[in-house]
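For reference, the structure discussed in these notes is given below.
The values are calculated or read from the model by the stated rules, or taken from the named source; none is laboratory data. Everything quoted here is computed from the prediction, not taken from an experiment. Note that we place each Cβ from the backbone using ideal geometry, even for glycine, and neighbour counts take in every protein chain shown.
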Amino acid sequence: MKNFLTLALLVLWASKLWAQGAPEPPAPVKAAHGQLDEIPKDALDKLQQLFPGHKDDEWDRWDDGYQAVFVHEDVEKTLILSEKFAVLYKGVGVEDEDLPPAVTDYLTDFDDSAVIYFSFVLEDPMKVKAYLLFVQRDDGETLTRLLFTEKGNFIAEKLIEQSLDKDDDDKKDDDIADEPDKKDDDKKDDDDLNDPALEPQD
């Protein structure tokens, strides 16, 4: 009897450990703003931990990680996290006129009609600074991410998104192309309108 009770306790203990197992990854939550449909809870928790009381956060992908743009203490800021939610950069909004001359010179060569969507001065955990710009090209169809050193030397460029306006225009063009010719509709009688051959084709 004693052996049986001991065995039962061991089984109960083992089943409890098995049930606990490895912690499940945090469930994503719906995004309130920005490009992402879902934001991992760890990313939201990191933002809240570092910038309590923030508001108006918008989230996008940063390569395999995440970027939040938000307002904290009445200042526009950004937080960039890795895929594992480690801090890559913290940033504060910067006015266009405060950008290094090398950055503005680069923009002139890049596209002298480009519009700066927003810009930040970044700082990584090692206190190394950089400048981050999101720029809309003159064609109004693309948003490009530009990264510069503290002195304004160019580091990297990445196309972020195609403009939704372009997608809408393409859709309108497709709708016009698919629309049947109606100039002879007045000549068709009810029987013609019920003809299966006139039904829209998939």
- Message: Quick check on PRO40: is it assigned by TED's automatic domain parsing to the domain that holds ILE160, buried (at least 16 other Cβ atoms within 10 Å of the Cβ) and at negative phi?
- Response: no
- Message: Among the residues in region 22-37, are any outside any loop (DSSP other than H, G, I, E, B), surrounded by fewer than 10 Cβ atoms within 10 Å (Cβ to Cβ) and at pLDDT below 50?
- Response: yes
- Note on the structure: Scanning region 34-70 residue by residue, those of a type in the set (A, V, I, L, M) and in contact with a helix residue (DSSP H, G or I) (Cβ under 6 Å, 6 or more places away or on another chain) turn out to be ALA68
- Query: Residues in region 90-106: is at least one in a helix (DSSP H, G or I) and within 21 Å of ASP37 (Cβ to Cβ)?
  - Reply: no
- All but one of (1) of a type outside the set (S, T, N, Q); (2) loosely packed, with under 13 Cβ neighbours inside 10 Å; (3) under 19 Å from ARG145 (Cβ atoms) hold for GLU58; which doesn't? (2)
- Task: Being among the small types (Gly, Ala, Ser) and either at pLDDT below 60 or within 15 Å of LYS90 (Cα to Cα) (or both) is the filter here, so list the residues in region 38-70 that pass it.
- Result: ALA43, GLY65, ALA68
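Could you tell me how many of the residues in region 76-103 are touching a residue at least 40 places away in the same chain (Cβ under 8 Å) and under 19 Å from LYS127 (Cβ atoms)?
Residues flagged as touching a residue at least 40 places away in the same chain (Cβ under 8 Å) and under 19 Å from LYS127 (Cβ atoms) within region 76-103 amount to 8.
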- Note on the structure: Only one of ASP109, ASP181 is over 20 Å from the mean Cα position of the chain (by Cα), surrounded by fewer than 11 Cβ atoms within 10 Å (Cβ to Cβ) and either among the small types (Gly, Ala, Ser) or modelled with pLDDT of 90 or more (or both), namely ASP109
- Message: Given (1) closer than 24 Å to LYS41 by Cα; (2) in a loop (DSSP other than H, G, I, E, B); (3) in contact with a helix residue (DSSP H, G or I) (Cβ under 8 Å, 6 or more places away or on another chain), identify the lone condition not met by LYS151.
- Response: (1)
- Query: When the residues of region 115-145 are filtered to those that are within 21 Å of the chain's Cα centre (by Cα) and over 25 Å from LEU81 (Cα atoms), which remaining residue is surrounded by the fewest Cβ atoms within 10 Å (Cβ to Cβ)?
  - Reply: GLY140
